[in-house]
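Here the structure is laid out as structure tokens; the discussion comes afterwards.
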Amino acid sequence: MTEILCNAFRTVIATTPGNLLATVYLTANKIAPPHEGLELGIGEASLVKALAEAYGRKEEHVKKQNSELGDLGLVAKASRSTQRLMFQPKPLTIDKVFSAFLAIAKQLLESHSFDKYPFTIPNSKDVSFIVFKRPIMVMAFDLLWCKESGANSHDKKKNHIKGLLVAATECEPLYITRLLQSKMRIGLAEKTVLVALGQAAAYSETCPNPPLQTQSPLEEVGVPIGPMLAKPTKAVSEIIDKFQGMEFTCEYKYDGERAQIHYMEDGSVEIYSRNAEWNTGKYPDVVSSISREKFIPAICKPTNSSSAVLFKKDTAKSFVLDCEIVAYDHEKQKILPFQVLSTRARKGVILSGIKVTVCTFAFDILYINGQPLLQEQLKVRRQHLYSSFEEVPGVFQFATATITNDVEEIQKFLEAAVNSSCEGLIIKTLDKDATYEPSKRSNNWLKLKKDYMESIGDSLDLVPIAAFHGRGKRTGVYGSFLLACYDEQNEEYQTICNIGTGFSESQLEERSASLRNKVIPTPKPYYRYADTVNPDVWFEPAEVWEVKAADLSISPVHRAASGIVYPNKGISLRFPRLVHVRDDKSPEQATTSDQVADMYRAQKINHANNHEEEDDD
DNA sequence: TCAGAATGCTCC
DNA sequence: ATTCTGT
DNA sequence: ACAGAATGAGCATTCTGA
Ligand SMILES: Nc1ncnc2c1ncn2[C@@H]1O[C@H](COP(=O)(O)O)[C@@H](O)[C@H]1O
């Protein structure tokens, strides 16, 4: 794979180097660096519409065939091949396709940003500079490049897609459609593209500029870098095993959102998400806790203690921090669950309008004062972190950490983490294999969560009552199932979650085959579900599956234990996955709504009792 | 016009 | 997110 | 060992029908 692609790139470099950028983006199925915020904004529904119109088919037929073929791309191909071509369309080129994609993406920005943000030239003392920096830059871009006007952006996008589909021949409709869905399904994606590109570039020094901002260790402050990831482990013993003979540290795993905080010498700040999305506009409070004086003197409210502090020491002139931002109740000095954080507004947040306050927990540093630290061992990086920053309780803290290789102590530390509203632990080597490996390389960090451990964590026995047709490699079997628990009082099944992971392929085939015999035309009267769940098929209650989950949550859609904990809201599961099929249980012996309610209450009590953070570094 | 549904997208 | 699979 | 492709809950935002 890599070799083929590498040769393709070499050919492009040798023959049409001007096309290299578009070629790389198309093969990687991207349209721009992620932090630039360009997005296609195309979903299945709009694609179905465009496809139907482009090929003169009824939307309903397209939908039906999509569900049968499990791939909208195949639908496109099939539609195209049954059309009689009146004339040969002008051939599509890489450049044309990529330009069309860019045009589609810019439509979204135009319609979303244009009338929403004040279009004034910001001055750096104005808070709107921070809040609206990105949109305004993007808008300026739009003004330069987007001269179209007329129909609304939605239609324009559709027209671009139709244009591509009409011009496409042979296998092109398939891949254009898949590209637009970001589901190439060819077993080749971004990482492989980068490797192939790297190899191709090595052959030809003549290529003028590396077209993609690759994640070189010499990264620039202000440009996001791939986050280091963690690999799941099932038991403390497994950790000891893997890190045998090495010095390692355990840190709390906070349940929030990852934030890569860049601070530049000019005092500006950028915050990026785990996927390198631009999150600066979402966290003006975090920005201000670093650089308040520089940008927003007028907004500084002495009453708001959380924004009236600085956590960096004066010696820190520029840096990149790796952190977890967590919802935090400053009055009670307590960490709040992820579900609270997720209610925060995302765009154009202004300091005075913040409803969910946060605390930032730093656990790594990638760059300081002009010096990249990626190649340094964690021990060294951590030293920089601790010496260049100061904790400000409730605003900026270091991730609680300990160093031990004693099983008992790790176990205790895990308990402490969970009691402090954390998900579990992240375990990292300090000395060996302890450089920062941006997403590209292996997972040298381990994560330990209670629900990974056998016979610990929430496990439920649930009944599949409906299913959705699988797509892609699951075409022909069910791709996911709607699960329910049993309410003994009302003798009814209440939906609790969908599930689509934890199945081996053979297991999925077996379950699909078995449940196909249980399909019923309409749901049973004793099923409780939101009418927005719209499964492809319903089943009679027949099987019981053991399912594991990280947490229980209050759900806007699912109905489990509805009326027990909250009158009108049910309970759902976070990260549900199949453990195994319970041949020994009948549907009526599934986990009951009362049990679900109890589990939820137990979890809530655990949260309510949580102790506040203390740090031992 | 507005509220609910659909959509797109992010995250844990 | 979790999990499984092919290379 | 890794990259890729299946799939989850739930949010804010946009669209659409009454
Ligand atoms: N102390 C920590 N060190 C590293 N990652 C952490 C820490 N606390 C929380 N996290 C988060 O845990 C995520 C990795 O876990 P997961 O996403 O389950 O693989 C990271 O992306 C971080 O956002």
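The values are calculated or read from the model by the stated rules, or taken from the named source; none is laboratory data. All values derive from a computational prediction rather than experimental measurement. As a convention, Cβ positions derive from the backbone with ideal geometry for all residues, glycine included, and neighbour counts pool all protein chains shown.
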* Every pair of residues 6+ apart whose Cβ atoms lie under 7 Å, when the first sits in region A:528-554 and is free of Cβ contacts under 8 Å to residues at least 40 places away in the same chain while the second is buried (at least 20 other Cβ atoms within 10 Å of the Cβ) -> A:Ala530/A:Arg559
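Residue-by-condition table, conditions (1) under 30 Å from A:Glu3 (Cα atoms); (2) in the same structural domain as A:Thr93 (by TED's automatic domain parsing); (3) touching a strand residue (DSSP E or B) at 6+ places or on another chain (Cβ under 9 Å); (4) hydroxyl-bearing (Ser, Thr, Tyr):
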{"site": "A:Thr23", "(1), (2), (3), (4)": "yes, no, no, yes"}
{"site": "A:Gly41", "(1), (2), (3), (4)": "no, yes, no, no"}
{"site": "A:Glu44", "(1), (2), (3), (4)": "no, yes, no, no"}
{"site": "A:Arg57", "(1), (2), (3), (4)": "no, yes, no, no"}
{"site": "A:Lys63", "(1), (2), (3), (4)": "no, yes, no, no"}
{"site": "A:Gly70", "(1), (2), (3), (4)": "yes, yes, yes, no"}
* To do: For region A:356-372, state whether one or more residues are more than 25 Å from A:Ile225 (Cα to Cα) and either of a type in the set (Gly, Ala, Ser) or without any contact (Cβ under 8 Å) to a residue 60 or more places away in the chain (or both).
  => yes
* Residues located in region A:217-262, provided they are within 12 Å of DNA strand B (Cβ to nearest atom), assigned to a loop (DSSP other than H, G, I, E, B) and of a type in the set (D, E, K, R) -> A:Asp255
* Structure fact -> Sole miss for A:Glu376 among (1) crowded, with 18+ Cβ neighbours inside 10 Å; (2) in contact with a strand residue (DSSP E or B) (Cβ under 6 Å, 6 or more places away or on another chain) is condition (2)
* **Qualifying positions in region A:246-259 - away from DNA strand C (no atom under 12 Å from the Cβ) and in contact with an Asp or Glu (Cβ under 6 Å, 6 or more places away or on another chain)** => A:Glu247
* Structure fact -> Expected single match for under 30 Å from A:Ile290 (Cβ atoms), surrounded by fewer than 21 Cβ atoms within 10 Å (Cβ to Cβ), assigned by TED's automatic domain parsing to the domain that holds A:Ala316 and touching a residue at least 60 places away in the same chain (Cβ under 8 Å) among A:Lys432, A:Lys428, A:Lys447 is A:Lys447
* If we scan region A:50-69, do we find a residue that is buried (at least 17 other Cβ atoms within 10 Å of the Cβ), outside any helix (DSSP H, G or I), on the phi > 0 side of the Ramachandran plot and of a type outside the set (Val, Ile, Thr)? -> no
* **One residue from A:Lys440, A:Lys450, A:Lys428 being of a type in the set (D, E, K, R) and within 14 Å of DNA strand C (Cβ to nearest atom)** => A:Lys450
* **Residue selected from region A:70-84 under the condition in a loop (DSSP other than H, G, I, E, B) and in contact (Cβ under 8 Å) with a residue 60 or more places away in the chain, by the criterion farthest from A:Met184 (Cα to Cα)** => A:Gly70
* Asked: Checking A:Glu331 against (1) part of a loop (DSSP other than H, G, I, E, B); (2) of a type outside the set (Val, Ile, Thr); (3) in contact (Cβ under 8 Å) with a residue 12 or more places away in the chain; (4) farther than 30 Å from A:Phe248 by Cα, which test does it fail?
  -> (3)
* Taking region A:385-413 as the region of interest, how many residues are of a type in the set (A, V, I, L, M, F, W, C) and assigned to a helix (DSSP H, G or I)? -> 4
* Asked: Out of (1) in a loop (DSSP other than H, G, I, E, B); (2) over 30 Å from A:Tyr493 (Cα atoms), the odd one out for A:Glu454 is which?
  -> (2)
* Structure fact -> The condition from (1) of a type outside the set (A, V, I, L, M, F, W, C); (2) in contact with a helix residue (DSSP H, G or I) (Cβ under 9 Å, 6 or more places away or on another chain); (3) within 25 Å of A:Ile554 (Cα to Cα) that A:Thr495 misses is numbered (2)
* Would you confirm whether any residue within region A:357-372 is within 15 Å of DNA strand D (Cβ to nearest atom) and assigned to a strand (DSSP E or B)? => yes
* List, please: which pairs have Cβ atoms under 8 Å, are six or more places apart or on different chains, and start with a residue in region A:495-523 that is assigned by TED's automatic domain parsing to the domain that holds A:Val533 and end with one that is polar (S, T, N, Q)? -> A:Ile496/A:Ser572; A:Cys497/A:Ser572; A:Asn498/A:Ser480; A:Ile499/A:Ser480; A:Gly500/A:Ser480
* Condition met for A:Glu454 (at pLDDT below 95, farther than 18 Å from A:Trp538 by Cα and within 15 Å of the ligand (Cβ to nearest atom)) -> no
* Check region A:531-552 and report whether any residue there is surrounded by 15 or more Cβ atoms within 10 Å (Cβ to Cβ), away from the ligand (no atom under 16 Å from the Cβ), farther than 28 Å from A:Ser514 by Cα and not charged (D, E, K, R). => yes
* Asked: Of the residues that make up region A:230-248, is at least one within 10 Å of the ligand (Cβ to nearest atom), in contact (Cβ under 8 Å) with a residue 60 or more places away in the chain and buried (at least 16 other Cβ atoms within 10 Å of the Cβ)?
  -> yes
